[in-house]
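Worksheet for the structure shown next.
Please treat every number below as a calculation from the coordinates, not as lab data. Keep in mind that what you see is a predicted model, and the values were worked out from it rather than measured. FYI the Cβ positions are ideal-geometry reconstructions off the backbone, even for glycines, and counts take in every protein chain you see.
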């Protein structure tokens, strides 16, 4: 299978994206806490989807990158494209993925004003635990723990950090695809 076919399969695989979001939400919210705003989730997901950006972010925070275990193919390819949006990296499918997670009973959402609050349900926690234990998601799960350890910032703080660390993102046109 060539790289373009692999990219297309990963981009169109709803389960892959929802599993990744579920892992983030599980680690960052646990059973009790709420993640305030989709922006924080998106910024964390950006760093997870682009491990070379995560590596550079950790270096900026003077943190070790050894546990990332970035493979050569990850440095040379993009598994899941995001675009430059007015608030930074974005994928138009986030709201759909979150709605599917809610419909499956894996996530709770509460809206306060214009802010969406999210937290994983007990069922979501048990599904995330099963996902974490699979070989396919082992590295991803490790990277989520690294994110939590070194980049558990507010949405505003994370956005500011990303633009300070990756100023080229600010120069991109809206809707332009982000490259590795």
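Remarks
- Site pair residue 133 and residue 108 shows an inter-label distance of 2.5 nm when each label is modelled 7 Å from Cα along Cα→Cβ.
- Note on 17, 73, 148: ascending count of other Cβ atoms within 10 Å places them as 73, 148, 17, the fewest first.
- You can think of it this way: the chain between residue 160 and residue 67 has 31.0 nm of extra reach, that is 0.36 nm per residue less the Cα-Cα gap.
- Taking label positions 7 Å along the Cα-Cβ direction at both residue 60 and residue 145, the computed distance is 2.5 nm, reported to one decimal.
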